[in-house]
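Written out below as structure tokens is the structure these notes cover.
The values are calculated or read from the model by the stated rules, or taken from the named source; none is laboratory data. Here the structure is a predicted model, which is why all the values come from computation and not from measurement. Heads up, the Cβs are rebuilt from the backbone with ideal geometry, glycines too, and the neighbour counts pull from every protein chain shown.
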Amino acid sequence: MLKQIVIALSSVVMLSGACWANDIEVQEKIRTKSGEWMAQMRQVDKLKAQKKWDEAEAIIRKIMDERQELKLNLSGEKRSLAELFTASGKLADAEKMYKEQIADRETHDGVEDFILVPVLNQYAEFLRAHGRAKEAVPIEQRAKAIEADVNKPPKKQIAAIMGDAKLNNNDKYSKLCDLGKRYLDSDNATKASFACTEAIKVNPYKSRAYKMRAQTYYQLEKLQLALDDLNNALKADPKDAEALFDRGRLYQSLNKPLKALKDFDSSIALRPDDVDTLGYRAKQYAALGQIDKAIADYTAAIKAQPRSHWAYIQRSLLYRDNKKDTAQALKDIDKALSLAPRNIDDWELRAETLMKARRMKEATADATKMIEIEPQSTQGYSMRSRIYKTIEGPKSKNAAADLATIEKLRKAPQ
């Protein structure tokens, strides 16, 4: 089954800037590398069992270098190194790695992030396991204090901003909003909402704090409060395209498609080349059966951002399933594949589309291509077995062979 899920209208995420237009090459490199990293970490486990510590460390450090180049988080790899050093008896190196993980997650603004808790507890476990229980106690207490404080107002940080005599009200408003964003970025919607509320008290006539608090309310599943805040943001600035976009997505979540479309229309009128808004409006048009309008929006998104891989895929589905135009659908899929040639989801979509066009030989070749790209994935074998059954019937030996391979892959040690 195709896994191309770009927009789910039943669960639209209320975060400004959906960023579908990110560089597809980077996305594909991360996706491809992720599979390689998983296989390499399985090799690390085997090497650890064989006590080949240096070889295992070299693999982990290579993964770290590759992830760093892609600007990805290294916490998982650092934890793996800490565990490797512990197993090999390099306790000083292991401790250094735990401390490094803590330092990576610490901040310099007095905010204790909840993301510190797991690594603090891991470090405390390490200390206890090596006879250093007294040293573990304050670390465990710190973790518990962070957990206990997670849903409480950030009174200390708010007081520091409000009590700073050097700041005028505009500065205080900005800093409180920055604090709210800081908590949002740390996935702490509750604390973010408190900071935004204080900002609104300082200046209820600006839109930024209302928009941010709407995000927190959405994450906390308080949809009516989120809607109220977006309404207030738009009272403060009726031409805030971002607020219109966010409210449109919220209306989608509330199953109010006509109101959603109205907001998307207004947002696009203000920024006609915004591919995110065009994409959401296209999906809404498609849900309402207005296929030509949906296609037009995907086309506009492609014109604005020619590397919009997702737009080609979504438009191809409309051509194939709604317009029954497999030829045009295949053109769009081919364009998507030119942007992401190793994306097996796209190859699967192409194979399915070729099946609909009764071009079975080409469909089989595409399924085989999926297997060549990701031989350890069951996806290609599953697709090809479906094609073989269509061509040769339910008792197809070729299909049976592919299904047998799937069972072997599923039983293989992970």
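Across the range 218-251, what is the number of residues that are assigned by the TED database to the domain that holds residue 171, surrounded by 24 or more Cβ atoms within 10 Å (Cβ to Cβ) and under 21 Å from the mean Cα position of the chain (by Cα)?
Residues flagged as assigned by the TED database to the domain that holds residue 171, surrounded by 24 or more Cβ atoms within 10 Å (Cβ to Cβ) and under 21 Å from the mean Cα position of the chain (by Cα) within the range 218-251 amount to 1.
Quick check: anything in the range 82-94 out of contact with any Asp or Glu (no Cβ under 8 Å at 6 or more places or on another chain), closer than 26 Å to residue 144 by Cβ and among the basic types (Lys, Arg)?
Within the range 82-94 (the criterion being out of contact with any Asp or Glu (no Cβ under 8 Å at 6 or more places or on another chain), closer than 26 Å to residue 144 by Cβ and among the basic types (Lys, Arg)), the answer is no, since none of the residues qualifies.
List the number of the failed condition for residue 113; all other conditions in (1) surrounded by 16 or more Cβ atoms within 10 Å (Cβ to Cβ); (2) modelled with pLDDT of 95 or more; (3) of a type in the set (Asp, Glu) hold.
Exception for residue 113: condition (2).
Here is a yes/no grid of residues against (1) touching a residue at least 12 places away in the same chain (Cβ under 8 Å); (2) part of a helix (DSSP H, G or I); (3) in the same structural domain as residue 181 (by the TED database):
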| residue | (1), (2), (3) |
| --- | --- |
| 65 | no, yes, no |
| 72 | yes, no, no |
| 77 | yes, yes, no |
| 82 | yes, yes, no |
| 85 | yes, yes, no |
| 111 | yes, no, no |
| 118 | no, yes, no |
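Please enumerate the residues belonging to the range 98-109 that are part of a loop (DSSP other than H, G, I, E, B) and either closer than 24 Å to residue 64 by Cβ or assigned by the TED database to the domain that holds residue 161 (or both).
106, 107, 108
What's the number of the condition residue 401 fails, among (1) outside any loop (DSSP other than H, G, I, E, B); (2) surrounded by fewer than 16 Cβ atoms within 10 Å (Cβ to Cβ); (3) touching a Leu at 6+ places or on another chain (Cβ under 7 Å)?
Only one criterion in (1) outside any loop (DSSP other than H, G, I, E, B); (2) surrounded by fewer than 16 Cβ atoms within 10 Å (Cβ to Cβ); (3) touching a Leu at 6+ places or on another chain (Cβ under 7 Å) is unmet by residue 401, namely (3).
Given the criteria closer than 23 Å to residue 282 by Cβ and free of Cβ contacts under 8 Å to residues at least 40 places away in the same chain, does residue 259 qualify?
yes
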